[in-house]
Amino acid sequence: MDDIHKKIKDIRLEQGMTLKDLSEKTNLSVSFLSQIERGASSVAITSLKKIADAFGVPMSFFFEEQVHSNYHVKTNEQKPFRVESSATTFVRLGGDFPKRSLEPMIVTLAPNQKKEQTFSHPGEEFYFVLKGAVLFEIGGEEYFVKQGDSIHFPSHIEHEYENPLQEETQLLCVLTPVIF
């Protein structure tokens, strides 16, 4: 609740209102509104309701945490990273916003990279081979997936992969749930 006074002032300025304009819409005095905006006075729920109505926002607006979403991921923001003790390189491609459910990535496997770990978790995985080839083992069955091919499976089935080639393999991967 400490930021209510800041939100009131910010939205007033965004909407191009003066304190006098807001006073006329709420029947609250200019001096009282000024005190609220400076944090010098607390605001009663009834007054907050009048202010919210004047701005055309629900009262909950003043209590919500502001979340800064990032939908656009530029090339220079795509930083490669590795998980400890793995030769696999990952690059996150997805935006960052509340309740996202997809994790799109570029996954790069080193030449002749062997199976490192067997995975099994809730969700789904989709891979499209951009370059090279990969050998997936899913539920005990092997799939040789080469450039231009894709594979999509439920992640609860035990799965692992390796790069059988003497060159780097690059995959577009989209999985759920979000892990990074």
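The values are calculated or read from the model by the stated rules, or taken from the named source; none is laboratory data. What you see is a predicted model, and the numbers here were worked out from it, not measured in a lab. Glycine also receives a Cβ, built like all others from the backbone with ideal geometry; neighbour counts cover every protein chain displayed. The accessibility values were calculated without ligands, DNA or RNA, using every heavy atom of the protein model including side chains. Shrake-Rupley method; radii C 1.70, N 1.55, O 1.52, S 1.80 Å.
Could you state the angle between the C-alpha long axis of helix 4-14 and the longest principal axis of the C-alpha atoms of the chain, as a value from 0 to 90 degrees rounded to the nearest 10? With rounding to tens, the tilt is 90 degrees. Inverting the pair-averaged 1/r between distinct Cα atoms of segment 26-180 gives 19.3 Å as its Kirkwood hydrodynamic radius. Each residue of segment 37-44 was assigned a 3J(HN,Hα) from its phi angle through the Karplus curve 6.51 cos²θ - 1.76 cosθ + 1.60 (θ = phi - 60°); the sequence is 5, 7, x, 7, 9, 7, 10, 6 Hz, with glycine and proline shown as x.
Which whole-number percent gives the relative contact order of the chain, counting Cα pairs below 8 Å spaced six or more residues apart?
Values: 325 pairs, mean separation 33.8, N = 180.
Relative contact order for the chain comes out at 19 percent.
For the chain, modelled as a GNM whose springs connect Cα atoms under 10 angstrom apart, the maximal fluctuation among ASN112, ASN76, ASN163 occurs at ASN76.
A crude spin-label estimate for the pair VAL73 and GLU137, with each label 7 Å from Cα along the Cβ direction, gives 2.9 nm.
May I ask you to rank ARG38, ARG12 by accessible area, largest first, using a 1.4 Å probe over the protein chains only? All intermediate terms of the calculation are to be shown ahead of the outcome.
Working: ARG38 155, ARG12 20 Å².
Per-residue accessible area, sorted high to low, gives ARG38, ARG12.
Among ILE106, ILE151, ILE36, whose mean-square fluctuation peaks in a Gaussian network model of the chain (Cα, cutoff 10 Å)? Judging by the Gaussian network model, the answer is ILE36.
The alpha-carbon of LYS9 sits under 12 angstrom from the alpha-carbons of these aspartates and glutamates, leaving out residues fewer than 8 places away in its chain: GLU37.
Between MET17 and PHE63, the simple label model (points 7 Å from Cα in the Cβ direction) yields a spacing of 2.0 nm.
Need one number: convex hull volume per residue for segment 113-173, Cα atoms only, in Å³.
Numbers: hull volume 4.1 nm³, N = 61.
Dividing the Cα hull volume of segment 113-173 by its residues yields 67 Å³.
With protein chains left intact and a 1.4 Å probe, residues in segment 63-165 average 63 Å² of accessible area per residue. For SER150, put the label point 7 Å out on the Cα→Cβ axis and report which residues of segment 61-102 keep their amide N under 16 Å from it. Counting only backbone N, you get 102. Here the Karplus curve 6.51 cos²θ - 1.76 cosθ + 1.60, taken at θ = phi - 60°, turns the phi angles of segment 138-154 into couplings of 10, x, x, 9, 9, 9, 8, 10, 10, 3, x, 8, 9, 9, 9, 8, x Hz, with x standing for Gly and Pro.
Take the solvent-accessible surface of the protein heavy atoms, probe 1.4 Å, and return the percent of it on segment 28-120 that carbon and sulfur atoms account for. The partial results should precede the final answer.
Details: 3170 of 5970 Å².
Roughly 53 percent of what the probe reaches on segment 28-120 is carbon or sulfur.
Over 32 Å between Cα atoms, which of LYS6/LYS99; LYS20/LYS74; LYS6/LYS79 qualify? In this structure, LYS20/LYS74; LYS6/LYS79 exceed 32 Å between Cα atoms.
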